[in-house]
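S.K.: Following this message is one structure expressed as structure tokens.
The values are calculated or read from the model by the stated rules, or taken from the named source; none is laboratory data. Model, not experiment: these values are computed from the prediction. Backbone-built Cβ (ideal geometry, glycine too); neighbour counts: all protein chains shown. What goes into the accessible areas is simple: the full protein's heavy atoms, side chains included, and nothing from ligands, DNA or RNA. Shrake-Rupley method; radii C 1.70, N 1.55, O 1.52, S 1.80 Å.
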Amino acid sequence: MLLKNPSLRTFWPISNVYKAFGKYSLSGIKFAYIHPARKTKDMLNAESAYLDSLGTNFKHGANFATTSSTIRLPSQIIPGGGFSPFYLNIQYSQFVQFKSRSQTIREKGGIYANLMPEKDYFPKALYTFDIGQNDIGGGSFSNMTIEEVNASVPDIVNNFSTNVKAIYDVGARSFWIHNTGPLGCLPYILTNFLSAQRDSHGCAKPYNDVAQYFNYKLKEAIVQLRIDLPLAAITHVDIYSAKYSLFSESNKHGFELPLVACCGYGGKYNYSNSVRCGGTITVNGSQIFVGSCEHPSVRVNWDGFHYTEAANKFVFDQISTGAFSDPPIPLKMACHRV
């Protein structure tokens, strides 16, 4: 459920975390089997997309995250709306099916048996969650006020906790849970809400406040989950702070124009609702392809919504050390209760 760039992942976090964080973000669940001899980078390259299932190797992990996923059932889905039909409950159902069917395939033997995880991998795996931003971001585009979006947050977080408990009930024990990033620093928010108050770094303060309220309620929920799930090892990752540093200290980290999309067209933030990255637009009778900026490796935002691969790598390098985690343990130790 995480993004290829935000949800449920099993067998390893973040689709090659920085690449999955990359130009497209996947929301949801990921599950990865962590072997002591494997390097962190190798582990993060391990999990395969659940929906890419023809002859796919799931030996080291499976990724149930999709782009534009939400925690709650979305009001509109692609293509009629902007959200994935694979919201968190669906990702959980896919995981349960995968867990059962993978063992059936192993029992039958044959050429696909060795592509499936062993039964004892599931309780030993790390289950990664990165989801929620689409729920609160979507509310802002559904004629909801900031106050109304905030009022929806407790139910969103309750739905999240219900899914974590459900995965625990089928054997999961180790969880790596991200909070959400600074929504108000994304070009699609900045472009659509030009009158919103800006903070000292140019981000839309009311929308970052919503993200921080979500993170506050998520932190409360994780405290309760640790009580309710006594055998679980739960690592809470403050990805908001790691990402916000890309805007507050972009030059220090080697980035430039952090609020401007690399792949886009038009306006102060190089983002337009009428034409997106990869599309075409007619200007003065000529068609223009909307492509990448010249140096994406020094840019923070890719297409108005997602971070660049370089920015995602920076974020992953920060959070994998444990510096932004509670408890403060590195990613490779996330399967150990502290």
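S.K.: Looking only at region 187-220, filter to residues that are acidic (Asp, Glu) and under 21 Å from the mean Cα position of the chain (by Cα); which one of those is most open to solvent (accessible area, probe 1.4 Å)? Quick ask: steps written out before the conclusion?
M.R.: Filtering region 187-220 for residues acidic (Asp, Glu) gives 199, 209, 220.
Imposing the further condition that a residue be under 21 Å from the mean Cα position of the chain (by Cα) reduces the set to 209, 220.
Details: ASP209: 63, GLU220: 82 Å².
Only one residue fits best here, namely GLU220.
S.K.: When you go through ASN163, ASN158 one by one, which is the residue that is under 17 Å from the mean Cα position of the chain (by Cα) and of a type outside the set (Phe, Trp, Tyr)?
M.R.: Working: ASN158 fails: under 17 Å from the mean Cα position of the chain (by Cα).
When all the criteria are applied, what remains is ASN163.
S.K.: Are any residues in region 284-318 crowded, with 16+ Cβ neighbours inside 10 Å, in a helix (DSSP H, G or I) and out of contact with any Asp or Glu (no Cβ under 8 Å at 6 or more places or on another chain), and if so, which ones?
M.R.: Hits for region 284-318 are GLU309, ALA310, ALA311, ASN312, LYS313, PHE314, VAL315, PHE316, GLN318.
S.K.: Check off (1) among the charged types (D, E, K, R); (2) at pLDDT 70 or above; (3) within 27 Å of ARG106 (Cβ to Cβ); (4) surrounded by fewer than 23 Cβ atoms within 10 Å (Cβ to Cβ) for ARG38 and give me the number that stays unchecked.
M.R.: (2)
S.K.: Identify all residues within region 161-186 that are hydrophobic (A, V, I, L, M, F, W, C) and open to solvent by 10 Å² or more (accessible area, probe 1.4 Å); write none if there are none.
M.R.: From region 161-186, those hydrophobic (A, V, I, L, M, F, W, C) are 164, 166-167, 170, 172, 175-177, 183, 185-186; that's our starting set.
Of everything in region 161-186, those that are hydrophobic (A, V, I, L, M, F, W, C) and open to solvent by 10 Å² or more (accessible area, probe 1.4 Å) turn out to be ALA166, VAL170.
S.K.: Is it the case, given these coordinates, that SER272 is within 21 Å of the chain's Cα centre (by Cα) and buried (at least 17 other Cβ atoms within 10 Å of the Cβ)? Show your work before the answer.
M.R.: Details: within 21 Å of the chain's Cα centre (by Cα): no; buried (at least 17 other Cβ atoms within 10 Å of the Cβ): yes.
Answer is no for this residue.
S.K.: Pick out the one residue from THR70, THR128 that is out of contact with any Ser or Thr (no Cβ under 6 Å at 6 or more places or on another chain), closer than 20 Å to ALA166 by Cα, open to solvent by less than 20 Å² (accessible area, probe 1.4 Å) and assigned to a loop (DSSP other than H, G, I, E, B). Don't jump to the end; show me each part of the working.
M.R.: Numbers: THR128 fails: assigned to a loop (DSSP other than H, G, I, E, B).
Step by step, each of THR70, THR128 is checked, and only THR70 is out of contact with any Ser or Thr (no Cβ under 6 Å at 6 or more places or on another chain), closer than 20 Å to ALA166 by Cα, open to solvent by less than 20 Å² (accessible area, probe 1.4 Å) and assigned to a loop (DSSP other than H, G, I, E, B).
S.K.: Of the residues LYS99, LYS30, only one is in contact with a strand residue (DSSP E or B) (Cβ under 9 Å, 6 or more places away or on another chain), modelled with pLDDT of 70 or more, open to solvent by 50 Å² or more (accessible area, probe 1.4 Å) and not in a loop (DSSP other than H, G, I, E, B); which? Steps first, answer last, please.
M.R.: Details: LYS30 fails: open to solvent by 50 Å² or more (accessible area, probe 1.4 Å).
Every option except LYS99 fails the conditions.
S.K.: Next question. Quick one: count up the residues across region 139-159 that are open to solvent by 10 Å² or more (accessible area, probe 1.4 Å) and either outside any helix (DSSP H, G or I) or not charged (D, E, K, R) (or both).
M.R.: 13
S.K.: Is it fair to say SER250 is touching a strand residue (DSSP E or B) at 6+ places or on another chain (Cβ under 7 Å), surrounded by 19 or more Cβ atoms within 10 Å (Cβ to Cβ) and either among the β-branched types (Val, Ile, Thr) or over 19 Å from ASN179 (Cβ atoms) (or both)?
M.R.: On the way: touching a strand residue (DSSP E or B) at 6+ places or on another chain (Cβ under 7 Å): yes; surrounded by 19 or more Cβ atoms within 10 Å (Cβ to Cβ): yes; either among the β-branched types (Val, Ile, Thr) or over 19 Å from ASN179 (Cβ atoms) (or both): yes.
Spelling it out, SER250 is indeed touching a strand residue (DSSP E or B) at 6+ places or on another chain (Cβ under 7 Å), surrounded by 19 or more Cβ atoms within 10 Å (Cβ to Cβ) and either among the β-branched types (Val, Ile, Thr) or over 19 Å from ASN179 (Cβ atoms) (or both).
S.K.: Here's something else I'd like to know. Any idea how many residues of region 274-308 are out of contact with any Ser or Thr (no Cβ under 8 Å at 6 or more places or on another chain) and farther than 23 Å from ASN192 by Cβ?
M.R.: Qualifying residue count for the region: 6.
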